[in-house]
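Okay, so here's the structure we're looking at.
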Amino acid sequence: MSRIAYVNGRYVAHRHATVHIEDRGYQFSDGVYEVCEVKDGRLIDERRHVARLARSLSELAIAMPMPAHALGVVLRETVRRNRVRDGIVYIQVTRGVAPRDHAFPALTPRPALVVTARGIDPLKMEKLADEGISIVTMPDQRWARVDIKSVSLLPNVLAKQAAREQGAREAWLVDRDGFVTEGSSSNAWIVSKDGRLVTRPIGHDILRGITRTVLLDVIREQGLELDERPFTVEEAYAAREAFVTSATQTVMPVVRIDGRPIGNGAPGLIASALRRAYHAHAESS
Ligand code: PDD
């Protein structure tokens, strides 16, 4: 089956889908994106993802390309045309096309909107969650506003690649004081030695993950102990459990950090239980 992409008002064959060479996303990373999970053909947490998209855009003074409800129609139609049952829908908005100049164009261009969708094998993801993943730590070399979900991802790309080259699936990024900020494409969590869930508080130094937000509801409802505070790499080595959260993986147990086994080296009970509970708390539309 051939894939279909939505590009600035048209549904086109994925292999022929293109943007202009002077799109400011291409030249300056002047744009933002969202990745939303698709499960059983439905969008998971669309409302929150679209709200975060609107926030990222407003931080960069880019207009929403269309109202939220119209965007919802495009997202669903892209999922439908690609016959995605389980997978992701990707949304990218850039400032648009203009002659190259660092400052914003004098005549505001129309924001460029691209939407794609692709399937991810849920069985493969479950197998991965049953085994748990390895991660490695490295310095956080990103800019100071990573709360904006910008397409400027070069440090994340380099960190992920370095992780892959070391046989790991994710990189945890570490600030100058030795505290973990987040993963290259996920939020970072541990269960401390005394059984408390720990994750870094939101700020300009991490992305406010939608999965993280929903999981906080799950944690509160289950009455689990939670500390929103930074944790060090040393603390992570000694943790009972570790896991990451993102739209593509929901809750993914971590079993090795920098080659050291976490807990007994198998996915933790709390992480696995949170993974099972997750979708009952997420919004499905
Ligand atoms: N990444 N932190 C970073 C740096 C991320 O890129 C992501 C998501 C998250 C988790 O956010 P959420 O729970 O809303 O997916 C945290 C997406 C999946 C990506 O870039 O593919």
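In the set ASP217, ASP258, ASP227, which member is within 24 Å of ILE88 (Cβ to Cβ) and surrounded by fewer than 18 Cβ atoms within 10 Å (Cβ to Cβ)? Exactly one residue qualifies, and that residue is ASP217. Filtered by the rule that a residue be in a loop (DSSP other than H, G, I, E, B) and free of Cβ contacts under 8 Å to residues at least 60 places away in the same chain, region 204-245 gives GLY209, GLN222, GLY223, LEU224, GLU225, ARG229, PRO230, PHE231, ALA238, ALA239, ARG240. Summed over region 1-53, residues that are touching a helix residue (DSSP H, G or I) at 6+ places or on another chain (Cβ under 7 Å) and not in a loop (DSSP other than H, G, I, E, B) total 16.
Restricting the first member to region 107-122 and to residues that are within 21 Å of VAL74 (Cα to Cα), and the second to residues that are among the hydroxyl-bearing types (Ser, Thr, Tyr), the beta-carbon pairs closer than 6 Å and six or more apart or on different chains are ALA112/THR94; VAL115/TYR6; VAL115/THR78; THR116/TYR90; ALA117/THR78.
Based on what the data block shows, is ASP147 touching a strand residue (DSSP E or B) at 6+ places or on another chain (Cβ under 7 Å), closer than 19 Å to HIS204 by Cα and within 15 Å of the ligand (Cβ to nearest atom)? No, not satisfied. Taking the listed residues VAL218, VAL180, the one that is out of contact with any strand residue (DSSP E or B) (no Cβ under 7 Å at 6 or more places or on another chain), within 27 Å of SER56 (Cα to Cα) and not aromatic (Phe, Trp, Tyr) is VAL218, with no other qualifying. Residues in region 54-71 that are assigned to a helix (DSSP H, G or I) and either acidic (Asp, Glu) or in contact with a strand residue (DSSP E or B) (Cβ under 8 Å, 6 or more places away or on another chain) (or both): 4 in all.
Scanning region 173-186 for residues that are within 14 Å of the ligand (Cβ to nearest atom) and farther than 9 Å from ASP140 by Cβ yields GLY183, SER184, SER185, SER186. Is it the case that region 81-97 has a residue that's part of a helix (DSSP H, G or I) and more than 16 Å from the ligand (Cβ to nearest atom)? Checked region 81-97: at least one residue is part of a helix (DSSP H, G or I) and more than 16 Å from the ligand (Cβ to nearest atom).
The set of residues in region 120-140 that are part of a strand (DSSP E or B) and surrounded by fewer than 15 Cβ atoms within 10 Å (Cβ to Cβ) contains only PRO139.
More than 11 Å from the ligand (Cβ to nearest atom) and either among the basic types (Lys, Arg) or within 28 Å of ALA51 (Cα to Cα) (or both): is that true of LEU123 in this structure? So LEU123 fails the test. Count of region 20-74 residues, restricted to those that are over 16 Å from PRO111 (Cα atoms), buried (at least 17 other Cβ atoms within 10 Å of the Cβ) and either over 18 Å from the mean Cα position of the chain (by Cα) or of a type in the set (A, V, I, L, M, F, W, C) (or both), is 4. Answer yes or no as to whether GLN222 is among the polar types (S, T, N, Q) and within 15 Å of the ligand (Cβ to nearest atom). Answer is no for this residue.
Where a number appears in this text, it was derived from the coordinates with a stated rule and is not lab data. The structure displayed is predicted, hence computed values, not measured ones. Don't worry about glycine lacking a Cβ; one is built from the backbone with ideal geometry, like all the others, and counts go over all protein chains shown.
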